[in-house]
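As structure tokens, the structure follows; a few thoughts come after it.
The values are calculated or read from the model by the stated rules, or taken from the named source; none is laboratory data. The model shown is predicted, which means the values in this text are computed figures rather than measured ones. Cβ sites come from the backbone with ideal geometry, for glycine too, and all protein chains shown count toward neighbours.
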Amino acid sequence: MQAKKRTRGKNKNPLIGCKERTAWLGHKHGARVRGINFDFTYEEWTKWWETHLGPNWFELRGNATGKYVMARNGDKGPYAPWNVRCITMADNLREAIKGTKRGNCKLTKKQVEDIYIEMTQGRRTKGFVTALADRHNVGTGTIRNIVIKATWRHVTDLLD
């Protein structure tokens, strides 16, 4: 006896469970969570990837080293065919750290330099880190991460 196909309801299309559709939905959801419009239909999205990477596009895209991503021009505007390009994940990260204030960063490069210098060369008293964090409207963990070079290392390495 042949297995019955699962469907969404009477006279409806079969359930879609393909990995490409799941990736499209994940991309769409991730953009929405970050407040970015996502103007691709599933068909447009898959066609875009196939045009840029060829028939085995799904294996070439992703957020791992050596993989390709759909990057917005200047990291601004919607995910739309006219506003995206295909670049490697490494290139996308490189572009992200180029600017002085990008995306959801609360600090500028100059502020990070000032924080690092104050923390490594200044005299610290009780409450110094908290006051410094309050002055820059960030948490004390952000100050700590700058000093130990867990974040903003591309800026602080130039100051040593």
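Starting from residues that are surrounded by 14 or more Cβ atoms within 10 Å (Cβ to Cβ) and among the small types (Gly, Ala, Ser), keep the ones in the range 56-79 and report whichever is farthest from Asp39 (Cα to Cα).
Selected residue: Ala71.
Give me the pairs: first residue in the range 125-145 and among the hydroxyl-bearing types (Ser, Thr, Tyr), second residue in a helix (DSSP H, G or I) and surrounded by 14 or more Cβ atoms within 10 Å (Cβ to Cβ), beta-carbon distance under 8 Å, and six or more apart or on different chains, which are they?
Thr140/Val129; Thr140/Ala133; Thr142/Ala133
Go through the residues of the range 108-122 one by one and say whether even a single one is surrounded by 11 or more Cβ atoms within 10 Å (Cβ to Cβ) and in a loop (DSSP other than H, G, I, E, B).
Yes: one or more hits.
Determine which single condition Gly35 fails, assuming it passes every other condition in (1) at positive phi; (2) touching a residue at least 24 places away in the same chain (Cβ under 8 Å).
(2)
Looking only at the range 15-60, count every residue that is closer than 21 Å to Trp82 by Cβ, outside any helix (DSSP H, G or I) and not basic (Lys, Arg) and tell me the total.
Kept after step one, since they are closer than 21 Å to Trp82 by Cβ, are these residues of the range 15-60: 24, 27-28, 30-32, 34-53, 57.
Imposing the further condition that a residue be outside any helix (DSSP H, G or I) reduces the set to 34-41.
Now restrict to residues that are not basic (Lys, Arg): 35-41.
Matching residues across the range 15-60 total 7.
Only one residue in Gly30, Gly54, Gly66 is closer than 30 Å to Thr151 by Cβ and either in the same structural domain as Arg153 (by TED's automatic domain parsing) or free of Cβ contacts under 8 Å to residues at least 12 places away in the same chain (or both), so which one is that? It would help to see each step written out before you state the result.
Working: Gly54 fails: closer than 30 Å to Thr151 by Cβ; Gly66 fails: either in the same structural domain as Arg153 (by TED's automatic domain parsing) or free of Cβ contacts under 8 Å to residues at least 12 places away in the same chain (or both).
After ruling out the rest, the residue left standing is Gly30.
Yes or no, residue by residue, for (1) modelled with pLDDT under 90; (2) touching a strand residue (DSSP E or B) at 6+ places or on another chain (Cβ under 6 Å):
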{"position": "Gly77", "(1), (2)": "no, no"}
{"position": "Ala80", "(1), (2)": "no, no"}
{"position": "Cys86", "(1), (2)": "no, yes"}
{"position": "Arg94", "(1), (2)": "yes, no"}
{"position": "Ile97", "(1), (2)": "yes, no"}
{"position": "Thr100", "(1), (2)": "yes, no"}
{"position": "Asn104", "(1), (2)": "yes, no"}
{"position": "Thr108", "(1), (2)": "yes, no"}
{"position": "Val112", "(1), (2)": "no, no"}
